[in-house]
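Every number in this text was worked out from the coordinates using simple rules, so none of it is lab data. Please read all numbers here as calculations on a predicted model, not as lab measurements. Here the Cβ is made from the backbone with ideal geometry for all residues, glycine too, and neighbour counts use every protein chain on show.
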């Protein structure tokens with residue numbers, strides 16, 4: 001948090017995320033807004049990503065095995081070399097798979 005010039009307390013929200021290489025196994029990321037995030041190489045096995053916005057995210061080399069992607073937005077998401085074994089509910093329309 002920070003104080004703006006007229007004295008009001010404000011919360012800063014980042015506009016991009018870099019979580020490359022993080023371990024998010026079994027994480028509950030329901031409805032997460034991770035658009036354009038760098039999630040390359042992230043371990044997300046069994047993660048709950050129901051309704052998550054992953055549009056434009058770099059998920060290359062990420063492990064999404066047995067993750068739940070029901071209703072997730074993967075438009076323009078880079079899934080090159082991602083582990084998608086056992087993924088549930090993924091709509092890969094518009095995702096980059098090469």
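Each of 50, 70 was scored by other Cβ atoms within 10 Å of its Cβ. Listed from fewest to most, they are 70, 50.
Is the shape of segment 15-98 best called rounded, prolate or oblate, per the rule: a/c under 1.5 gives rounded, else a/b larger than b/c gives prolate, else oblate, with a ≥ b ≥ c the square roots of the Cα gyration tensor eigenvalues? If you can, show how the numbers build up before the last one.
On the way: a/c = 1.09, a/b = 1.04, b/c = 1.05.
Here segment 15-98 falls in the rounded category.
Using R0 = 35 Å, the C-beta based FRET efficiency linking residue 33 and residue 97 works out to 0.95.
On full extension of the chain, what length is gained from residue 88 through residue 76, given 0.36 nm per residue of separation minus the C-alpha to C-alpha distance?
Once the chain is fully extended between residue 88 and residue 76, it gains 2.4 nm.
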